[in-house]
Amino acid sequence: MSRLLEIIRSVVRQELAQQRGSVLGVVTTVFPHTAADDDFNYEANVQLKHEALELRKVPLAVNHVGVATPPRVGDLVLVQFINGDLNQPVITGRFYHADERPPLHQEDDLLFEQRVPDGTLNQLRFTSDGTIYLQRDVTKPEDNSEAKTSLKIDGVSGDLEIKSGEIAIVITNDTDIQIMADGKPIDVTCDTFTINGDLVVSNGANSTTISGNEITGG
């Protein structure tokens, strides 16, 4: 009987040894689906941490079908094995670490940040007060106050601000529209340009008003 129990224990140990739990890995190669006729289905190669084992073309889990946010080479990922089978790995998550910090954010923010290889940061941020930022080349990511190109919808007033460098268009909710070009020319090309209302042209202390067929000032 003792011999039979020992055989059973040995078999159980062998089976358990073959079962794989969750492990950390580092992405070594990414296979994005870049053409309609390729065979890539959102996969990556992963080098398991602390093991001399690289898994090939491991499927990447997604939160929603239709979304693609592939990892980058060097990303730290969580690898899990379906039914503990080494031949059925899946990548189910990614982690920040000392060499890849999370983007600067506040509590209750919702933030999507693209990190371009040249160091450029592009962001889509939803703040806790409802303000929305869509920005290219963010230079002050702590508060999104500076970016090369920016679109901001104020969460309190509803004002819309579009900026590119020093040129800005501000639409104040239910009040007015301002275009600020800071000495830069504004060109309008069209077949018909219609203004319904008075037109006031100012240059320093002088101004001219066009109202209907009357011109005053100058």
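Among His105, His64, His50, the order by Cβ neighbours within 10 angstrom, fewest to most, reads His64, His50, His105. Which parts of segment 171-197 would a label at Thr209 reach, counting a residue when its backbone N lies under 20 Å from a point 7 Å out along Cα-to-Cβ? Only 176-177, 195-197 pass the distance filter. Multiplying the residue separation of Val62 and Asp37 by 0.36 nm and subtracting their alpha-carbon distance yields 6.8 nm. Using only DSSP helix segments of four residues or longer, with each worth -39500 (n - 2.57), what per-residue ellipticity at 222 nm results for the chain after dividing by its residue count and rounding to 500? One gets -2500 deg cm²/dmol as the mean residue ellipticity at 222 nm. Between helix 2-18 and the chain, what is the angle of the helix's C-alpha long axis to the longest principal axis, kept within 0 to 90° and rounded to the nearest 10? Computed tilt is about 20 degrees.
Over segment 110-201, what is the mean sequence separation of C-alpha contacts under 8 Å (at least six apart), divided by residue count, expressed as relative contact order in percent? Numbers along the way, then the final one.
On the way: 150 pairs, mean separation 12.7, N = 92.
In percent, rounded to a whole number, it is 14.
Taking Gly119, Gly66, Gly158 in turn, the Gaussian network model of the chain (Cα-Cα springs below 10 Å) assigns the largest fluctuation to Gly66.
What Kirkwood Rh does segment 158-210 have if only Cα atoms enter the pairwise 1/r average? Answer in Å.
Details: mean 1/r = 0.0741 Å⁻¹.
With all distinct Cα pairs of segment 158-210 included, I get 13.5 Å.
What net charge do the residues around His33 carry, taking every other residue with its C-beta under 14 Å from that of His33, with Lys and Arg at +1 and Asp and Glu at -1? Mind dumping the intermediate values first?
On the way: positive: Lys57; negative: Asp37, Asp38, Asp39, Glu43.
Net of charged neighbours comes to -3.
For Val26, put the label point 7 Å out on the Cα→Cβ axis and report which residues of segment 101-134 keep their amide N under 19 Å from it. Once the point is set 7 Å along Cα→Cβ of Val26, 101-102 turn out to lie under 19 Å by backbone N, inside segment 101-134. The overall shape of segment 68-218 is prolate: from the C-alpha gyration tensor, with semi-axes ordered a ≥ b ≥ c, the ratio a/c is 1.5 or greater and a/b exceeds b/c. Available extension along the chain between Asn196 and Glu142 is 15.2 nm, counting 0.36 nm per residue and deducting the alpha carbon span. The lysines whose alpha-carbon is closer than 30 Å to the alpha-carbon of Lys148, local same-chain residues fewer than 8 away aside, are Lys140, Lys163, Lys184.
Centroid-to-centroid, using Cα positions, segment 17-74 and segment 122-201 are 40 Å apart. Entry for segment 23-145 at q = 0.10, 0.18 Å⁻¹: log10 I(q)/I(0) = -0.40, -1.05, Debye formula applied to identical alpha-carbon scatterers, no solvent contribution. Given their separation in residues at 0.36 nm each and the Cα-Cα distance between them, Asp159 and Arg72 gain 27.7 nm when the chain is fully extended.
Values in this text are rule-based calculations from the coordinates and carry no lab data. Since this is a predicted model, take the numbers as computed values, not measurements. All Cβ positions, even for glycine, are placed from backbone atoms using ideal geometry, and neighbour counts span all protein chains on display.
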